[in-house]
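**Q** Handing you this structure, nothing more for now.
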Amino acid sequence: MSITIYSLGAAEEVTGSKHVIEVDGRSVLIDCGAFQGRRAEADKKNRKFEVQADKLDAVVLTHAHYDHSGLLPMLGINGYTGNIYATPATRDLANLIMMDSARIQARDAEYLGKQAAKKGETFTWKPLFNESDVIKTVNQIVTVSYHRPTYITPNILLEFFDAGHILGSSMAVLTINDKEGREVKVAYTGDLGRKHKAIIRDPDLLPPVDYMILESTYGDRLHETAEDALAKLAEITKK
Ligand SMILES: [Zn+2]
């Protein structure tokens, strides 16, 4: 079995998470996040959408944050008609985030167009997607709850585990089988949460896997404890 994994974002950088897993002629995209940062630079990177959307067999969304879900509407625009698998809460939150983005882009286009007109400049910037693109995207989402193994292609079984990051956030474990009956398990953690948070469950323990893809934004830092953060908050509110 040959498995190819490559990243089109969030590799040697943060934001823009897009990871492709190819196996036996099937192609799965995990997350389709937008790049964030300075407006012009982020816009340029988001416009250069490199996912071969019409070649995908399935899409998995680990959580709703904009840097993981923000460019999902670009899939449909570029010819993807298949399913997008996400937990129910991720579907609901991603809907709000994508809608927000469509509205902000529409407002930006209007405002920047007026500014350009005042200066007598030509203005060609267009939103990447609009509200009706978002509705189409949300209709492609198939919800899968935690611990409900589900085939997303004939040879790839998806199971979501709680990532403890935000409401609905998940780690995706893919069990990949080839025609000879060999099996490989690949885990993609997405963004991982910390333990002992007030309203979010602790991250699940994953089953043993063969390969693990981890995001490491805070890999070189030690987080303060929840108690430390609460003490700091109390200090600030007393001032
Ligand atoms: Zn996140």
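**Q** Find all pairs meeting these conditions: Cβ atoms under 8 angstrom apart; at least six residues apart or on different chains; first residue within the range 176-189 and in contact (Cβ under 8 Å) with a residue 24 or more places away in the chain; second residue surrounded by 17 or more Cβ atoms within 10 Å (Cβ to Cβ) and among the basic types (Lys, Arg).
**A** Ile176/Lys185
Rundown of residues vs (1) more than 21 Å from Gly76 (Cβ to Cβ); (2) within 16 Å of the ligand (Cβ to nearest atom), yes/no style:
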| site | (1), (2) |
| --- | --- |
| Glu121 | yes, no |
| Thr124 | yes, no |
| Pro127 | no, no |
| Gln140 | no, no |
| Ile152 | no, no |
| Ile176 | yes, no |
| Gly190 | yes, yes |
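**Q** Same structure again: Check whether at least one residue in the range 26-36 is surrounded by 14 or more Cβ atoms within 10 Å (Cβ to Cβ), of a type in the set (Lys, Arg) and not in a helix (DSSP H, G or I), and report yes or no. Can you show your working first?
**A** Pass one, the range 26-36, residues surrounded by 14 or more Cβ atoms within 10 Å (Cβ to Cβ): 26-36.
Among the residues that remain, those that are also of a type in the set (Lys, Arg) are: 26.
Remaining after also requiring not in a helix (DSSP H, G or I): 26.
Taking every residue of the range 26-36 in turn, at least one turns out to be surrounded by 14 or more Cβ atoms within 10 Å (Cβ to Cβ), of a type in the set (Lys, Arg) and not in a helix (DSSP H, G or I).
**Q** List the strands (runs of 3 or more DSSP E) inside the range 137-180, counting only whole elements, that have at least 3 residues being hydrophobic (A, V, I, L, M, F, W, C) and crowded, with 16+ Cβ neighbours inside 10 Å. Can you show your working first?
**A** Working: elements: 141-143, 150-153, 156-162, 170-177.
The strands (runs of 3 or more DSSP E) meeting that bar are 156-162, 170-177.
**Q** Can you name every residue in the range 77-96 that is in a helix (DSSP H, G or I), touching a helix residue (DSSP H, G or I) at 6+ places or on another chain (Cβ under 7 Å) and surrounded by fewer than 20 Cβ atoms within 10 Å (Cβ to Cβ)?
**A** Once the filter is applied, which keeps residues that are in a helix (DSSP H, G or I), touching a helix residue (DSSP H, G or I) at 6+ places or on another chain (Cβ under 7 Å) and surrounded by fewer than 20 Cβ atoms within 10 Å (Cβ to Cβ), the range 77-96 yields Ile77, Asn95.
**Q** Which number in (1) without any contact (Cβ under 8 Å) to a residue 40 or more places away in the chain; (2) more than 17 Å from Ser170 (Cα to Cα); (3) surrounded by 12 or more Cβ atoms within 10 Å (Cβ to Cβ); (4) under 20 Å from the mean Cα position of the chain (by Cα) marks the one condition that Ser69 misses?
**A** (2)
**Q** Being charged (D, E, K, R) and within 26 Å of Gly168 (Cβ to Cβ) is the filter here; which residues of the range 96-143 pass it?
**A** Residues of the range 96-143 that are charged (D, E, K, R), as a first pass: 100, 103, 107-108, 110, 114, 118-119, 121, 126, 131, 133, 136.
Asp100, Arg103, Glu131, Asp133, Lys136 - these are the residues of the range 96-143 that are charged (D, E, K, R) and within 26 Å of Gly168 (Cβ to Cβ).
**Q** Continuing with the same structure: Out of everything in the range 186-224 that is in contact with a His (Cβ under 8 Å, 6 or more places away or on another chain) and among the β-branched types (Val, Ile, Thr), what residue ends up being farthest from Lys18 (Cα to Cα)?
**A** Looking at the filtered set, the residue picked out is Ile200.
Conditions (1) within 30 Å of Asp220 (Cβ to Cβ); (2) away from the ligand (no atom under 16 Å from the Cβ), marked per residue:
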residue	(1), (2)
His19	yes, no
Arg26	no, yes
Ala42	yes, yes
Asn46	yes, yes
His65	yes, no
Tyr80	no, yes
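**Q** Could we say that Asp108 is of a type in the set (D, E, K, R), over 25 Å from Ala187 (Cα atoms), more than 16 Å from the ligand (Cβ to nearest atom) and buried (at least 16 other Cβ atoms within 10 Å of the Cβ) here?
**A** On the way: of a type in the set (D, E, K, R): yes; over 25 Å from Ala187 (Cα atoms): yes; more than 16 Å from the ligand (Cβ to nearest atom): yes; buried (at least 16 other Cβ atoms within 10 Å of the Cβ): no.
Taking the combined requirement at face value, the residue does not satisfy it.
Read-outs: derived from the displayed coordinates by stated rules, not from any lab. Just so it is clear, the structure is predicted and the values come from calculations on it, not from any experiment. Because the Cβ atoms are built from the backbone with ideal geometry, glycine has one as well, and the counts that use them run over all protein chains shown.
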